[in-house]
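J.: Can you keep this structure in mind? I'll have questions shortly.
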Amino acid sequence: MGLLDSFGGLVGSIIASIVLLVFAILTFFVTVFIVQAGAGLAGYTPSGDYVALSAAILSASSIVAGASPLSGLSGTTQ
């Protein structure tokens, strides 16, 4: 049974990775829209490469911030 449990854990990890990748792509598209709309409201017309770069930086930083545990700031110990 140990082999089947390991295989189940592997499949679960692969599915979780695929779901996280899909959410990261969706987050990037939403962030591109937000950056483009914000630039439009501010009266700027940035080129597509700057919009994509800023959306990539914002998406990556939000994913990293969401993945990092904040237990050091809350004062709780495990």
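The values are calculated or read from the model by the stated rules, or taken from the named source; none is laboratory data. Note that the structure is a prediction, hence the values are computed from the model and not measured. For accessibility, only protein heavy atoms count, side chains too; no ligands or nucleic acids. Shrake-Rupley method; radii C 1.70, N 1.55, O 1.52, S 1.80 Å.
J.: Quick one: pull the percent of accessible area on the range 1-49 belonging to carbon and sulfur, 1.4 Å probe, ligands and nucleic acids left out. Can you show the working numbers first?
T.: Details: 3130 of 3990 Å².
The value for the range 1-49 is 79 percent carbon and sulfur by accessible area.
J.: Across the range 56-67, in residue order, what do the Karplus-derived ³J(HN,Hα) couplings come to in whole Hz, using 6.51 cos²θ - 1.76 cosθ + 1.60 with θ = phi - 60° and x for Gly and Pro?
T.: Values per residue, Gly and Pro as x: 5, 5, 5, 5, 5, 5, 6, 5, 5, 5, x, 8 Hz.
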